[in-house]
Amino acid sequence: MADEKTIQAKAYTSKGTSRDSVALPGPLFDGTVHMPAMHQAVKAFLANQRQGNASTKIRKFVVGGNQKPWKQKGTGRARAGSIRSPLWVGGGTAFGPTPRSYAQYVPRQVRALARKSALNARAREDAILVIDAFEFDSPKTKVMTAFLGRVGANDKKVLVLTNGVKPNVFLSGRNLPNVHVMPYSDVSTYHILWSDLVLIEEGALNGETSDETAEAKTDVKADKKATKKATGAKKTSAPKQENKAKKAAAKAKAKSEKKPAAKAAKPAPSAKREGKKEK
């Protein structure tokens, strides 16, 4: 039964030559397509792209109009209290838009279900291709177009999912209007449904991390550790120096206060002798 449920996908080498088909991982590609979850995820994605900057002024924010245009009675004209009324040209706007947030929140499990459903929908249409590896020595748009031509994706909207961050692949497809390159871990339901064809690197499906991403992660961790050590050393050294200076100043003050008091407490030798004689 497990073999019957597995979904096969076409596979290509890094140079664009076809090879034997590959079985997609079962936990992710199990054939479930949940339409309401995909609709909610796409709707939230599009809503979160809105800036919500539209703004109008109501009558109290429009300049002018503090004085009554004409007297209430006797002119034959309609009553008017301000030239900034919404009825007047140049007046305030009634019930106009104000800056607001259009952000929508989708629960994590719903997002995961929608993403899984989108991938399964593309797998049903045979629109998922597995690539061994995207090997680009330098960013070249010509190389990307040639590769897409060998795969048969020239006239389609193509989503390229790499195994981690690969700048050369991203820069190679940046100028192509129908190509979108992003890491597999960052893909959303909207991007999958936007595309006509999805190219996935085999290492991303298997959960492997590429050498470039591993190096980048180690570099970031090393930078974070170095900054933490530097900031920690600064923070610890500064208070220690301040405490030492305060203690030294307190000791000096205590010594200066004790010395004259001790001298005053000791009686002079002449005074002692005179006291003895009187006794």
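The values are calculated or read from the model by the stated rules, or taken from the named source; none is laboratory data. No experiment lies behind these values; they were computed from the predicted model shown. Counting neighbours? That spans all protein chains shown, and the Cβs are built from the backbone with ideal geometry, glycine included.
Just wondering, is there one or more residues in region 59-80 that are among the hydrophobic types (A, V, I, L, M, F, W, C), in the same structural domain as T189 (by TED's automatic domain parsing), part of a loop (DSSP other than H, G, I, E, B) and surrounded by 13 or more Cβ atoms within 10 Å (Cβ to Cβ)?
no
May I ask you to list the residues in region 164-189 that are surrounded by fewer than 20 Cβ atoms within 10 Å (Cβ to Cβ) and part of a helix (DSSP H, G or I)?
Once the filter is applied, which keeps residues that are surrounded by fewer than 20 Cβ atoms within 10 Å (Cβ to Cβ) and part of a helix (DSSP H, G or I), region 164-189 yields P167, N168, F170, L171, Y184, S185, D186.
So which residues in region 103-148 are under 20 Å from the mean Cα position of the chain (by Cα) and of a type in the set (D, E, K, R)?
Passing the criteria: R108, R111, R115.
Scanning region 112-145 for residues that are basic (K, R) and surrounded by fewer than 18 Cβ atoms within 10 Å (Cβ to Cβ), which turns out nearest to V22 (Cα to Cα)?
Applying the filter and picking the extreme gives R124.
Out of region 37-63, which residues are under 24 Å from the mean Cα position of the chain (by Cα) and more than 11 Å from S101 (Cα to Cα)?
Matches in region 37-63: A37, M38, H39, Q40, A41, V42, K43, A44, F45, L46.
Just to be sure, is L171 closer than 21 Å to D20 by Cβ and at pLDDT 95 or above?
The answer is no for L171.
Restricting to region 5-49, what's the tally of residues that are charged (D, E, K, R), surrounded by 13 or more Cβ atoms within 10 Å (Cβ to Cβ) and in a loop (DSSP other than H, G, I, E, B)?
The qualifying residues number 1.
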